[in-house]
């Protein structure tokens, strides 16, 4: 991102988050600010409703208050927390690593369900596309991807194609950037593209909400396990605040004041608990894919989409 683009992003965030005050203390009058990446598209209210239960639970456990906002893009969330406009953020693994490399965040927690703290990306097509059954069948086809900084709607799907011997830049007729998982799935449903990349979390949420019909889709490929999108916090928060929140989040599932339905995560799904023992080492699978899909690759895709 150029210097001018960064400045514009920060200005937009400042205007969108007009109620945010830098250096919040977590009181009701000055709540901590949480930025969410717009993973699922759709309405801002829908994304906020996915995470409101867990932050309500954290509020009950810590007496801190939170103001939840959905960023305009993945990069806007990185710029927002690194510019001091937010105290906490929910990222994809790749986006977290981008913020970490700027030195402005540290890991807080990841959701765990049935002992698992990973999720999966997929590439889907319409069941009527009888000639598309595996990745090699996507040559000369149009494929939808989400945000260019999304772990599971761009980085991992693109890496799957590269690892299967397909050059997305040369071999696909177009890599259509839609901005979100949900938009990609809708583009596939509408017949605008031949295939779409999205996380299985987003796919299942779209099915639950009735946005798409499961019997209209088939899976072409499933990714390797991806570390769950982490909650992260600003390195500038006071240590006493970071320690208290980390300790309370790790015990939410044992807290008698927390109702079962409050423990939710990506896509609004119920989770068993939040693991605060994660380290940057746990994000290595995402880092390996970032090496394959580097900034030059992204630049070429963006240039192709601008034409």
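Residue-wise test of (1) modelled with pLDDT of 95 or more; (2) in contact with a helix residue (DSSP H, G or I) (Cβ under 7 Å, 6 or more places away or on another chain); (3) buried (at least 23 other Cβ atoms within 10 Å of the Cβ).
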position	(1), (2), (3)
139	yes, yes, no
145	yes, yes, yes
149	no, yes, no
154	yes, no, yes
157	yes, no, yes
165	yes, no, no
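Would you check if there is a residue in region 265-273 being part of a helix (DSSP H, G or I) and in contact with a strand residue (DSSP E or B) (Cβ under 9 Å, 6 or more places away or on another chain)?
Initial filter on region 265-273 (part of a helix (DSSP H, G or I)): 266-268.
With the extra rule that they be in contact with a strand residue (DSSP E or B) (Cβ under 9 Å, 6 or more places away or on another chain), the set shrinks to 266-267.
Yes, region 265-273 contains at least one residue that is part of a helix (DSSP H, G or I) and in contact with a strand residue (DSSP E or B) (Cβ under 9 Å, 6 or more places away or on another chain).
Which of the numbered conditions does residue 237 fail, given that it passes all the others? Conditions: (1) over 23 Å from residue 35 (Cα atoms); (2) assigned to a loop (DSSP other than H, G, I, E, B).
(1)
Give the residues of region 23-52 that are in a helix (DSSP H, G or I) and either surrounded by 18 or more Cβ atoms within 10 Å (Cβ to Cβ) or without any contact (Cβ under 8 Å) to a residue 24 or more places away in the chain (or both), sorted by residue number.
Restricting attention to region 23-52, the residues satisfying the condition of being in a helix (DSSP H, G or I) are 44-52.
Matches in region 23-52: 45, 46, 47, 48, 50, 51, 52.
Quickly run through region 222-262 and pick out the residues that are touching a strand residue (DSSP E or B) at 6+ places or on another chain (Cβ under 7 Å), at pLDDT 95 or above and surrounded by fewer than 20 Cβ atoms within 10 Å (Cβ to Cβ).
Once the filter is applied, which keeps residues that are touching a strand residue (DSSP E or B) at 6+ places or on another chain (Cβ under 7 Å), at pLDDT 95 or above and surrounded by fewer than 20 Cβ atoms within 10 Å (Cβ to Cβ), region 222-262 yields 222, 235, 242, 246, 250, 253.
The values are calculated or read from the model by the stated rules, or taken from the named source; none is laboratory data. None of the values given here were measured: they were computed from a predicted structure. Reconstructed Cβ throughout: ideal geometry from the backbone, glycine too, with neighbour counts over all protein chains shown.
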